[in-house]
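This report refers to the structure that appears directly beneath it.
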Amino acid sequence: MNKNNISHVFLSGILLLFLASCEDFLDLKPISEATTANAYSTANDAEAALTGLYDSFQSEYYIWDNIIFNDIISDNYYAGGDNPEVFAVAYLNFTPTNSRLFSNWSQIYNAIAKANIVLEKVPQIEDPKIDVDNRREQILGEAAFLRAYHYYQLVKMWGGVPLVIKPISSLDPSETHLPRNTEEEVYQQIISDLEFALERLPDTYSNSASVNKARATAGAANALMATVYAQKPDRDYAKVLEYSIRVEESQANYVLLSNFAHLFDGNHYNNAESVMEVQFTGDTEANWGPQLLLPPSLSGDSWRKFVVPSVDLVNAFDAEGDVIRKNASIMWESAPWADEFWHNEVGSSIPFAFKWKSANGWASTNRQYIFRLADIVLLKAEALNELGQLEQARVELNRIRTRVNLPPTPATNQQEMRMAILNERRLELCQEARRWDDLRRMGMAVEVMNNLNEIDLRTNTPVDFNMTEYKKILPIPQQERNRNPNLTQNPGYN
C-alpha cells in the first residue's frame, strides 16, 4: 500500500506559482489574497512566509523518502511494502525515470523557492515592527539556514545541481533552463548561507523548548556546518571539530538524555538532546509515516509494511550486545504476510521499524529529529580520530556507549576506531536517515553492499546488489532533464 499525497509538478511551475501564492501560512492571512506588489509589506507577512518555509519539512521527502534514500538504500532496512520503485532503490537499481527522484527533486526545490522569496522580500519590508528585537535579521538567518539545509539534501544525493538563489520571475529559458553547478560550488553556497545565518541566529528564542527546537538556531546551523564539512568531497575535519564543539558549547545547553528510549517514546518531545525537530502536532500538521511502518497491533491494518529491519542490522545490534537501542528501535510481531528475508511463511514473527511508535490513523504526532546531540558527538569523535587524536575520540565514543550500558570501545588504532565509530552511528541513528551518507563518506558503500549476505528465502539465493562507484550518487530525474535540456546526466546512467 502507498500513500502519495504530493503532486508532481515541474520545477519552473513551482517557482513561478510561489510568486503568486502560498498555501502553507497556517493561521496567518495567505499572501495569495494580496497583490504581488503589496504581498510582502508587513512584519506579519514576513512571519507568514517563514511559516510556509518551515512547512516544507512536512513534504513527502522529509517525512518518508529521506529514509528510503538513506536507510533502505543501505544495509539497514529492506523495502517491505509493495512499491516497485522502493524495491528498486533497495536493490540499488537506480533509473532516471523512477518517479520518486523527480518528486524529491521538485519538493526540495520548492522549499528553496520559498527561502529565496523570504531572503529577497524581507529586507524590503518597511514595517517598523519587523525590527523589534532584531526580528528581521533573525528571519533572514532562518531562511538562509533552511536554504542551506535543502541544498545539502540535493548535493549529497545528486552531486552538482543548479544553484537557484533568487526568485524566478518568468518562464524564460534563461531563468528556468539552468545548467548544473559543480558539487564544490553548491557546497560553497551552503557554507556561505550558513555563515550568513550564524551572524543572525540566536542560541534560543525564548524559554519555550517548543519554539527553540522548532526553529533554526545557532545550534542547528553549527550542526549542519559540522555535517557539511564532514560530507563534502574535500572534507575538513578541523572544521568538523570546530563546529561540533560550538554545538556542545551553545547556551541552549544541549545534553544527552540519560535514557535512550525517551528519545523515541513520544512523551519527551523537544527534549534537551534535540537540537531541531519537525513539529508534528496531529490533524493537518501530522506525520503519516508511522502508518507505513508499524505492525498491525499498532497501525490497525494488516497490509504489508515498509522499512523492515535487515538481518544484518539485527545481527549488528546482537554482536554488540546492544539490547537498549535494539528494543527502542525494533519491534517484533507476527505478520499476516510472508517476508522473503526473515520467514517466507505467513504468520511468522518479523521485526518492524519502531522509532516511531504511534500511527494514529495517518495522523501521528511522532517527531523526526533534524539534528540531535548524539549525532554531533559521534561526528566529533570521527573528526578527532581522523585528526590523529585517538584517545580524545575514544572519550567521545564512550559517552554514547555508556548511555546504553555498553563497555568502552576496544579500538586500539585509527582504523579500528574509524570502524567502531561507523558502527556506533549505525546503531545509534538507524531509521534517522544517516546510514548511506556515513557509508559514502567513509568510502565503504561499495564494499559494504557487495559483501552483504542477504538471502532471499523465496529462492534461497543471495541478493546481488551490484554496487558500483557511480551509484554513490543518484541519476538526475529524467522528467527534469526533459524540461531542462541544459541538465547533464551523472556518469553511469543513460
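The values are calculated or read from the model by the stated rules, or taken from the named source; none is laboratory data. Keep in mind the model is a prediction, meaning the values are calculated, not measured. Note that we place each Cβ from the backbone using ideal geometry, even for glycine, and neighbour counts take in every protein chain shown.
A quick yes/no check of all residues on (1) crowded, with 19+ Cβ neighbours inside 10 Å; (2) closer than 21 Å to VAL275 by Cα; (3) assigned by TED's automatic domain parsing to the domain that holds ASN70; (4) over 23 Å from the mean Cα position of the chain (by Cα):
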position: ILE376; (1), (2), (3), (4): yes, yes, no, no
position: LEU379; (1), (2), (3), (4): yes, yes, no, no
position: LEU387; (1), (2), (3), (4): no, no, no, yes
position: GLU391; (1), (2), (3), (4): no, no, no, yes
position: PRO407; (1), (2), (3), (4): no, no, no, yes
position: ASN413; (1), (2), (3), (4): no, no, no, yes
position: MET417; (1), (2), (3), (4): yes, no, no, yes
position: GLU424; (1), (2), (3), (4): yes, yes, no, no
position: GLN431; (1), (2), (3), (4): yes, yes, no, no
Inset, instruction - Tell me which residues, restricted to region 445-473, are closer than 26 Å to HIS177 by Cα and either touching a residue at least 40 places away in the same chain (Cβ under 8 Å) or part of a loop (DSSP other than H, G, I, E, B) (or both). - result: LYS471, ILE473
Inset, instruction - Check off (1) buried (at least 19 other Cβ atoms within 10 Å of the Cβ); (2) more than 25 Å from HIS177 (Cα to Cα) for ILE476 and give me the number that stays unchecked. - result: (2)
Inset, instruction - Check region 80-95 and report whether any residue there is more than 12 Å from the chain's Cα centre (by Cα), surrounded by 24 or more Cβ atoms within 10 Å (Cβ to Cβ) and of a type in the set (S, T, N, Q). - result: no
Inset, instruction - Could you grab me the full set of residues in region 160-213 that are in contact with a helix residue (DSSP H, G or I) (Cβ under 6 Å, 6 or more places away or on another chain), over 30 Å from ALA252 (Cα atoms) and small (Gly, Ala, Ser)? - result: GLY160
Inset, instruction - Could you check, for region 291-308, whether at least one of its residues is surrounded by 18 or more Cβ atoms within 10 Å (Cβ to Cβ) and over 23 Å from SER74 (Cα atoms)? - result: yes
Legend entry - Criterion: over 19 Å from the mean Cα position of the chain (by Cα), at pLDDT below 50 and more than 26 Å from MET157 (Cα to Cα) - qualifying residue of ALA49, ALA43, ALA37: ALA37
